[in-house]
Every structure is written in structure tokens, then in C-alpha cells.
1. Examine segment 158-180 for a residue that is within 10 Å of the chain's Cα centre (by Cα) and either closer than 28 Å to ALA111 by Cα or of a type in the set (Phe, Trp, Tyr) (or both), and state whether such a residue exists.
2. Within segment 163-178, identify whether any single residue is among the hydroxyl-bearing types (Ser, Thr, Tyr), surrounded by fewer than 20 Cβ atoms within 10 Å (Cβ to Cβ) and not in a helix (DSSP H, G or I), and answer yes or no.
3. Pick out the one residue from ALA89, ALA64 that is more than 17 Å from HIS203 (Cβ to Cβ) and either at pLDDT below 75 or surrounded by fewer than 16 Cβ atoms within 10 Å (Cβ to Cβ) (or both).
4. If a residue has to be over 30 Å from SER73 (Cα atoms), over 16 Å from the mean Cα position of the chain (by Cα) and assigned to a helix (DSSP H, G or I) to count, how many in segment 108-134 make the cut?
5. So if I check each of ASP137, ASP152, which one is within 18 Å of the chain's Cα centre (by Cα), of a type in the set (Asp, Glu), part of a helix (DSSP H, G or I) and modelled with pLDDT under 75?
Amino acid sequence: MSSGCCGHDAQFDGVSDAFKRALWIVIAINGAMFIIEMTAGAFAGSKALQADALDFLGDTTTYALSLYVIGMSMRVRATAALLKGFSLAAMGLWVLGSTVYQVLILGIPSATVMGAVGVLALTANLISVFLLMRFKDGDANVRSVWLCSRNDAIGNVAVMGAAAGVYFTGTAWPDLIVAGLMAGLFFWSSAQIITQAMRERQHDLVHAPGK
């Protein structure tokens, strides 16, 4: 968890060549995986795969925004983190809506495609997590990068579990349950990012010159 707001001015703010290099690599990985997984999710009829693909897209945008605001004021970085927090909440709503739609359609996704793409996505995310792990305790902007990477890895393991469930039960329910759990993870991460970003914005307002 993040520290109290009184310690925010000492937190890592991303001004590091190593962090920027890691972000560029992770941006490329996530952008490619979004295309691969969204296509596979549509082909397989899997809402869990499509939800995970959307997370890849969100991460690509998140990392690009994080890279852009590095070195800017705390207020700008915290505002960027707020935008990312709200975007995660929006993704959670999309996942819930598409899950309800899938329940009404009652289509059974392809377990084989889900499992194969899940392994590929997990590999990509483990690489991302490894690259970003040492930067996980920074300010809200930096921390949002770590939370998104962690979500991806958890989501991929969940998708693989959903694939096994679909295979053995012959129903879409394991896929739908996992999609719902991933939506909950989006909401939880969104709340964490927004809470820390609001504290940092308040800290900046209180300690701004002339206050």
C-alpha cells in the first residue's frame, strides 16, 4: 500500500532512464497483445479473453500517459493517475455489461483458443511484471503502472482457469464468472489509484508556494 501523503514528496516519480526503457518495452508488448487477444477472443466467443484484451489496451494507454507526464509537477502526475483510475472503472463497467450480454446469448466459448492465448498472454505479462517490479512503490502515476501489470498477470491466470472450466463443464459459466471477477479487480485497482492520486493532489495544494 502507499504511504501517507506527508511522504509523497519522497516517492519515486519515474524520472529514471531505466524506468522509461522498461515502459517503452512494456508499451510494445501490451499493444501487440491487445490486437492478438481481442482477435482471438472474438474468434473464440470468449468474454474473459476480450476482457483481458481490453485490459491490455488500457495498460498500453496507461503506460504511454505515464511516460508522457514523467518529470512534470505532482499535480499533473496525480491528475494523470486520476484519469487512469477512472478509465479502469470504465473498463470494469464494460466487462460487466458484456458479461450480462453473454449470459443472455448463452454462447459457449472455445476452451482451446482461450487456453492457448492465455498462455501467450501470461508469458507477455510476466515479462512486463519482471521489468516493472522494482518500480512498484512510487507515486500514484508510477504505482498505477504496477497495478495494471499485476492485474494483467492475475487476469491471464484466471483466463486459463476459465478455459479449463469451460472444457470440463461444457458451459460458458466459468468464462462468465472469471470475466465478472476481473471486472471487480478493475474496480478495486481503480479505487486504489484514485485514492492515492487524490491524496497527492491535496498534498500538492497544501504545500504549493504561497500556501
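The values are calculated or read from the model by the stated rules, or taken from the named source; none is laboratory data. Note that the structure is a prediction, hence the values are computed from the model and not measured. We place every Cβ from the backbone using ideal geometry, glycine too, and count neighbours over all the protein chains shown.
1. Filtering segment 158-180 for residues within 10 Å of the chain's Cα centre (by Cα) gives none.
Within segment 158-180, not a single residue is within 10 Å of the chain's Cα centre (by Cα) and either closer than 28 Å to ALA111 by Cα or of a type in the set (Phe, Trp, Tyr) (or both).
2. Step one: of segment 163-178, the residues among the hydroxyl-bearing types (Ser, Thr, Tyr) are 167, 169, 171.
Pick out the ones that are also surrounded by fewer than 20 Cβ atoms within 10 Å (Cβ to Cβ) and you get 167, 169, 171.
Now drop any that are not not in a helix (DSSP H, G or I), which leaves 171.
Yes, there is a match, as at least one residue in segment 163-178 is among the hydroxyl-bearing types (Ser, Thr, Tyr), surrounded by fewer than 20 Cβ atoms within 10 Å (Cβ to Cβ) and not in a helix (DSSP H, G or I).
3. Details: ALA89 fails: either at pLDDT below 75 or surrounded by fewer than 16 Cβ atoms within 10 Å (Cβ to Cβ) (or both).
Answer to the selection: ALA64.
4. 9
5. On the way: ASP137 fails: part of a helix (DSSP H, G or I).
Within the list ASP137, ASP152, the selection yields ASP152.
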